[in-house]
Amino acid sequence: MATEVGAQGGYRYTFTDGETSQEYQCHICTLVARDPQQVTCCGKIYCKSCLESSKKKRQKLTCPDCNKQLTGKYFEDMRAEQGIKSLEIYCTNTDSGCQWMGAIKDIDTHLSISCPYQQVPCTNGCGAMVQRIEMEAHVTDDCQRSLVKCQHCQREGSRQLMTSNNHLNKCPNYPVRCNNDECEEVIPRRLQAAHHMTCPKAIVACEYSNIGCNRKMKREEKEEHSRESVEEHLQLAVRKIEKLELKTINSKVFRLTEFLQKKTQNKFWNSSDFYTSPRGYRMRLRNL
Ligand SMILES: [Zn+2]
Ligand SMILES: [Zn+2]
Ligand SMILES: [Zn+2]
Ligand SMILES: [Zn+2]
Ligand SMILES: [Zn+2]
Ligand SMILES: [Zn+2]
Ligand SMILES: [Zn+2]
């Protein structure tokens, strides 16, 4: 990867001798000349690209230094080129930690093949630019195109897919919070329905809804409700009974009077079996 191909002006490298060699300095950009051209008028050296942009700016090609006509009066300075290409520089990734130093002519090979700190395109083709030394970690830990297992359901897919809401919103093992008010349970999505059947915070109907109790409550309050509403449920049962045939009702009312009497005496009482309606539930009342 020739990082400076097509670059304008001279080389911006850091030279190991600490200063830009005067001998090879372009008299336009003041950097060490790239593709050095020597003019015949005054013997100065210029970068090829510097001369060309100077020509564009001034509409004619004159020596920027002595202002003489330059058409056909400069040549590629091979001697300077050789000298420049042999100048010692530091790697352009010195700041990242590269210790390499060498001739200008060798840096492109260093950067494209071996510099550990050079940014190169992801080997997985995700489009990211990654330092060569970080590539393995990138592919293992970050690359959106790497195959990974979903940490919840262990299904395999690209990291991009398996960490996207597209997957997580339907991942069967993704932990989701129970949506019943006050329930703190966090459970895998596929167990939500089963949890709802036992969730203490789920809203359920009174177990005597079939005889007319319309109360709804949290499952955990159901037992208490049943305990506290014995009389109420009993009355509902009685009303239910009252809807039975007249003959039946009379006998049940008689028994209920008997029940209340026994209850105040703290004595045990059991009704005989009866039906909540013709062909309805078979029930038996007893005091608790
Ligand atoms: Zn220049
Ligand atoms: Zn000149
Ligand atoms: Zn390097
Ligand atoms: Zn990648
Ligand atoms: Zn998953
Ligand atoms: Zn719950
Ligand atoms: Zn009830």
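The values are calculated or read from the model by the stated rules, or taken from the named source; none is laboratory data. Given the structure is predicted, the values throughout are model-derived calculations rather than measurements. Here the Cβ is made from the backbone with ideal geometry for all residues, glycine too, and neighbour counts use every protein chain on show. In case anyone asks, the SASA skips ligands and DNA or RNA and just uses the protein heavy atoms, side chains included. Shrake-Rupley method; radii C 1.70, N 1.55, O 1.52, S 1.80 Å.
Only one of (1) open to solvent by 80 Å² or more (accessible area, probe 1.4 Å); (2) part of a helix (DSSP H, G or I); (3) at pLDDT below 95 is not met by Ser54, so which one is it?
(1) is the only condition that Ser54 fails.
Is it the case that Gln69 is modelled with pLDDT of 95 or more and either open to solvent by 80 Å² or more (accessible area, probe 1.4 Å) or within 16 Å of ligand 7 (Cβ to nearest atom) (or both)?
It is false that Gln69 is modelled with pLDDT of 95 or more and either open to solvent by 80 Å² or more (accessible area, probe 1.4 Å) or within 16 Å of ligand 7 (Cβ to nearest atom) (or both).
Please name all residue pairs, on different chains or six or more residues apart, with Cβ atoms under 6 Å, provided the first residue is in region 121-132 and is of a type in the set (A, V, I, L, M, F, W, C) and the second residue is surrounded by 13 or more Cβ atoms within 10 Å (Cβ to Cβ) and in a helix (DSSP H, G or I).
Val130/His138
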